[in-house]
Amino acid sequence: MSIDELIENFEFLDSWEDKYRYIIELGEKLPPLDDKFKTDEWKVRGCQSQVWLVPSVKDGVISFAGDSDAAIVKGLIAIVLMIYNHSSAAAIKEIKIDEIFARLGLSEHLSPSRRNGLEAMIEKIRHYADIL
């Protein structure tokens with residue numbers, strides 16, 4: 001699914017309750033993350049929930065796998081991966097994430113702790129883009 005399709009889907013939903021359910025559904029569709037990656041090495045610091053992000057690189061393209069122990073956070077991971085997955089390091093650095101989140105309405109509808117966790121995920125992805 002493209003970011004534009006995601007934004008269209010969000011606009012179609014009337015209430016934030018419906019949008020939260022949709023976010024949870026997106027998380028349920030994430031491929032399972034092997035338990036061997038659910039370690040401190042792959043953990044995202046700054047998230048209230050347990051969050052793991054695992055990068056892989058092939059031919060200069062960075063892909064990510066992720067998981068969380070919280071349903072809504074797992075859905076947020078799915079959204080973040082839709083935005084950043086299968087990109088070059090340079091492309092990751094150019095993504096205007098705040099603009100995308102504003103179009104989705106995420107910034108104003110997430111609790112401060114979830115916003116902090118989302119920021120921590122993005123920082124981790126950018127960190128991987130710097131070192132890979």
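The values are calculated or read from the model by the stated rules, or taken from the named source; none is laboratory data. The model shown is predicted, which means the values in this text are computed figures rather than measured ones. FYI the Cβ positions are ideal-geometry reconstructions off the backbone, even for glycines, and counts take in every protein chain you see.
What to note about this one:
- Residue satisfying condition, being surrounded by 12 or more Cβ atoms within 10 Å (Cβ to Cβ) and over 21 Å from residue 112 (Cβ atoms), within set 16, 42: 42
- Odd one out for residue 24, checked against (1) closer than 14 Å to residue 121 by Cα; (2) of a type in the set (A, V, I, L, M, F, W, C); (3) part of a helix (DSSP H, G or I): (1)
- Taking the criterion of being modelled with pLDDT under 90, in contact with a helix residue (DSSP H, G or I) (Cβ under 9 Å, 6 or more places away or on another chain) and either surrounded by 11 or more Cβ atoms within 10 Å (Cβ to Cβ) or basic (Lys, Arg) (or both), the residues of segment 105-119 that qualify are 105, 106, 107, 109, 110, 114, 115.
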